[in-house]
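As structure tokens, the structure follows; a few thoughts come after it.
The values are calculated or read from the model by the stated rules, or taken from the named source; none is laboratory data. These numbers come from a predicted model, not from an experiment. Note that each Cβ is placed from the backbone with ideal geometry, even for glycine, and that neighbours are counted across all protein chains shown. What goes into the accessible areas is simple: the full protein's heavy atoms, side chains included, and nothing from ligands, DNA or RNA. Shrake-Rupley method; radii C 1.70, N 1.55, O 1.52, S 1.80 Å.
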Amino acid sequence: SELITGFLLSGMPCPSSCPPGLLALMAPGLALMATFSLPSQAGDRRALPVEKPPGVKGRTLILLDVNTKSPVRIISENFLSLQLDPSIIHDGWLDFLSSRRLVTLARGLAPAFLRFAGKRTDFLQFHNVKNPAKSRGGPGPDYYLKNYEDDIVRSDIALDKQKGCKIAQHPDIMLELQREKAAQMHLVLLKEQFSNTYSNLTLTARSLDKLYNFADCSGLHLIFALNALRRNPNNSWNNSNALSLLKYSASKKYNISWELGNEPNNYRTLTGRSVNGSQLGKDYMHLRSLLQLIRTYSRAHLYGPNIGRPRKNVIAFLEGFMKVAGGTVDAVTWQHYYIDGRVAKVTDFLKTRLLDTLSDQIRKIQKVLNTYTPGKKIWLEGVGTTSAGGMNNLSDSYAAGFLWLNTLGLLASQGIDVVVRHSFLDHGHNHLVDQNFNPLPDYWLSLLYKRLIGPKVLAIHVAGLQRKPRPGRVIRDKLRIYAHCTSYHNHNYVRGSITLYIINLHRSRKKIKLAGTLRDKIVHQYLLQPYGKDGLHSKLVQLNGQPLAMVDDGTLPELKPRPLRAGRTLVIPPLTMSFYVVKNVNALACRYR
């Protein structure tokens, strides 16, 4: 069957696979929304003409069913994954990854990959230096006020005494000093970003230990991007520094996957020195041979080339890479930002045209892969709602969630195996957790997704009555509906349950009646709305009317559903995101892993 994703068609006749109960309610203004399958066989598909019921003018009556027999896609268990930018070395936040609160928040999103990469990847140097905590000794008296660095040393000494997961409880004064330092460094980082001129960064062995400890304690698998801009005179990759890092990591038996470089198609603008796709492919082949020489990493996964937005020159870069190293990488990666964070407005996050831009990029990447390595997995890495660090009270607000949730739904429905969110904790305003270690709206959205959504994607059949569009006006779907098997890790629901997630960009509420296999089933509602007077700009959210906040540094709140009686119509409030678990469907597609 042909897979169609997230749009409206006016006047499309009903497919023969529509449940009989739907046919009688179809009208010339048929809206096919979300993700559904159309059978390819021939036959009469004309809609049955019916009178428009009174009182529906200006509203959409929506009937929804799901194909429960087999999934249309199966994505990775780590589909929603995370990224940390190397800038956390610059601004000091890497030293605080052992915080109990941060580890608790990251654990909530496990299982996932943790990608350590970003703009500064190709300016990162590894130094295998001695343990500074032991060489400097302990802090002196009044260390809180005398020396910020002594705080770090004291924390490191305490961590060294722990076995297994190393968790720290940082004093408030220590965090205040760190936030002051980070605020000062934020200006430096922004200046580098806007001038596209980056200073070198040093990653010490101790810093790598802290990074790995955070990933390991949080149940995340670390992916480390090596510096690809260290070049020999003949423009081949200089592996000396990377080899030092690989040997150190192997000596510690760190389980790490690897990448080489970040947005290599932009190297000319960074340094004036370009690397073409075929050369990077040779560099990846060289890195693979290095990994095979190190027993710990002889079977390690390798991902790349992490290109930027697939414009014409970038597609040519990818083709050159795939010709040489298509069989060397375990997944092909690229990255995407929707909006320039310097000029974004809240209304941008509500534009369906913007939500749809990703589909064209996916088709371009898939076309290249189908030519060179059919069946190769595709990852979207470093995805963010806005570029340039984002914008305060916008890319870190409730409004940004519309883009984020639609990205998850669209990528899953089109078979993208993993999406890596930039960033878990970072400077700027694109992150999931702020610098007070408080979760932002996109974190709670991600947590709900992890708790409720499984890797099997289901086809949706949606039909409804809608007003006719104005002549020449393009209809775009402001109601996005996606469906998966409910997560097997959620023990509140038996296998065979289905989870719907819905984005309503309309400024009016919409009603959905479950039909077919979903009819007369008990439904659990998880309605996520902004909390407080700031509306869409809010950094606080409520679930079914209850504000969401951590219970304490080691405990996330219980995500309580609102049970709806069997057969009740789903009422979707305007400008909201929601999840609905349809219980006890006993869907064949969802009974087994």
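Residue-wise test of (1) modelled with pLDDT of 90 or more; (2) part of a helix (DSSP H, G or I); (3) open to solvent by 10 Å² or more (accessible area, probe 1.4 Å).
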| position | (1), (2), (3) |
| --- | --- |
| Arg288 | yes, yes, yes |
| Asn313 | yes, yes, yes |
| Phe317 | yes, yes, yes |
| Leu354 | no, yes, yes |
| Lys364 | yes, yes, yes |
| Val368 | yes, yes, no |
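Within the stretch 321-352, the residues that satisfy the criterion of being open to solvent by less than 30 Å² (accessible area, probe 1.4 Å), among the aromatic types (Phe, Trp, Tyr) and at pLDDT below 85 are Tyr338, Phe349. Looking at Ile378, Ile416, just one residue is within 22 Å of Phe113 (Cα to Cα), open to solvent by less than 10 Å² (accessible area, probe 1.4 Å) and modelled with pLDDT of 95 or more, and that residue is Ile416. Selection of the stretch 241-272 for residues being open to solvent by 30 Å² or more (accessible area, probe 1.4 Å) and more than 19 Å from Ser207 (Cβ to Cβ) yields Asn265, Asn266, Arg268, Thr269, Leu270, Thr271, Gly272. Summed over the stretch 50-69, the residues that are open to solvent by 60 Å² or more (accessible area, probe 1.4 Å) and either within 26 Å of Leu505 (Cβ to Cβ) or at pLDDT 95 or above (or both) give a count of 6. Criterion applied to Leu570, Leu575, Leu559 was being on the phi > 0 side of the Ramachandran plot, open to solvent by less than 40 Å² (accessible area, probe 1.4 Å) and at pLDDT 95 or above, and the one residue passing it is Leu575.
Take the residues of the stretch 296-312 that are polar (S, T, N, Q) and more than 26 Å from the chain's Cα centre (by Cα): which is nearest to Pro264 (Cα to Cα)?
The extreme case among them is Ser298.
All of Lys533, Lys521, Lys513 fail the test of being in a loop (DSSP other than H, G, I, E, B) and either in contact with a His (Cβ under 8 Å, 6 or more places away or on another chain) or in contact (Cβ under 8 Å) with a residue 60 or more places away in the chain (or both), apart from Lys521.
Being open to solvent by less than 30 Å² (accessible area, probe 1.4 Å), closer than 22 Å to Thr68 by Cα, of a type in the set (Ser, Thr, Tyr) and in contact (Cβ under 8 Å) with a residue 60 or more places away in the chain holds for only one residue in Tyr592, Tyr526, and it is Tyr526. All of Leu211, Leu203 fail the test of being part of a helix (DSSP H, G or I), open to solvent by less than 10 Å² (accessible area, probe 1.4 Å) and modelled with pLDDT of 95 or more, apart from Leu211. When the stretch 576-593 is filtered for residues that are in a loop (DSSP other than H, G, I, E, B) and under 15 Å from Tyr526 (Cα atoms), only Lys583 remains.
Does Ser135 fit the bill of being at pLDDT below 80 and more than 27 Å from Arg101 (Cα to Cα)?
When the stated conditions are applied, Ser135 passes them.
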